[in-house]
């Protein structure tokens, strides 16, 4: 089990129930290579930072966090909150809508949750990154994660995901069902604490850490 030293989010019961559902769903599509223990900052909230190449990233991460005994508030594309069924589902699980137009509001929301002791999860690339835009494994990170982490004075925990793009490629409406299930790998790095507020340099450090996990 991972450390359960950060405060479970208020929606933890729903988060975990859905994590178990997503775990069952994952087994249909993929084999999962994940650690059974993660070192997290002791007694304080933090920011998960993961790369993003498939909608399946979200499913895998949720499943694995649930199994590690961790919960967090995830920043998710704002337009998904407007969609029937999925919008209400995201709200019930404590997700935060984020878009270019609501960037400041989303960052302030994440900051207030961190200040209350709850961890949050961000995909610093801010979009699904096609293979052509990630020659070294990750795309260009955006500085929002540094603004959030430095303002809250918390660590960032890098997360690297590989293989998800083989299950749910960009542009497909649903995951692909294959006879031989592809393996998806998730790895967690060591917590990173930013030493200054050079947000561009900081996000570069995080993306390099994620790259090393792939």
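The figures follow:
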quantity	calculated
Scan of segment 146-166 for residues that are in contact with a helix residue (DSSP H, G or I) (Cβ under 7 Å, 6 or more places away or on another chain), within 16 Å of residue 201 (Cα to Cα) and crowded, with 23+ Cβ neighbours inside 10 Å, ordered by number	146, 148, 156, 158
Matching option when the condition is under 24 Å from residue 114 (Cα atoms) and either touching a helix residue (DSSP H, G or I) at 6+ places or on another chain (Cβ under 6 Å) or free of Cβ contacts under 8 Å to residues at least 40 places away in the same chain (or both), among 188, 194	194
Any hit, segment 57-68, residues being assigned to a loop (DSSP other than H, G, I, E, B) and either surrounded by fewer than 22 Cβ atoms within 10 Å (Cβ to Cβ) or touching a residue at least 12 places away in the same chain (Cβ under 8 Å) (or both)	no
Criterion (under 19 Å from residue 13 (Cβ atoms) and touching a helix residue (DSSP H, G or I) at 6+ places or on another chain (Cβ under 9 Å)) met by exactly one of 141, 88, 117	88
From 94, 19, residue being surrounded by 16 or more Cβ atoms within 10 Å (Cβ to Cβ), more than 26 Å from residue 166 (Cα to Cα) and under 15 Å from the mean Cα position of the chain (by Cα)	94
Residues within segment 97-126 that are farther than 27 Å from residue 139 by Cα, surrounded by fewer than 13 Cβ atoms within 10 Å (Cβ to Cβ) and free of Cβ contacts under 8 Å to residues at least 40 places away in the same chain, tallied	1
Every pair of residues 6+ apart whose Cβ atoms lie under 6 Å, when the first sits in segment 1-15 and is farther than 12 Å from residue 113 by Cβ while the second is at pLDDT below 60	none
Top-ranked residue in segment 27-54 [being surrounded by 13 or more Cβ atoms within 10 Å (Cβ to Cβ) and modelled with pLDDT under 95; ranked as nearest to residue 186 (Cα to Cα)]	38
Filter result for residue 185 (in contact with a strand residue (DSSP E or B) (Cβ under 7 Å, 6 or more places away or on another chain) and surrounded by fewer than 22 Cβ atoms within 10 Å (Cβ to Cβ))	yes
Check on residue 143, within 14 Å of the chain's Cα centre (by Cα), surrounded by 15 or more Cβ atoms within 10 Å (Cβ to Cβ) and within 18 Å of residue 52 (Cβ to Cβ)	no
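The values are calculated or read from the model by the stated rules, or taken from the named source; none is laboratory data. Keep in mind that what you see is a predicted model, and the values were worked out from it rather than measured. A quick note on method: Cβ atoms are made from the backbone with ideal geometry, for glycine too, and the neighbour counts reach across all protein chains shown.
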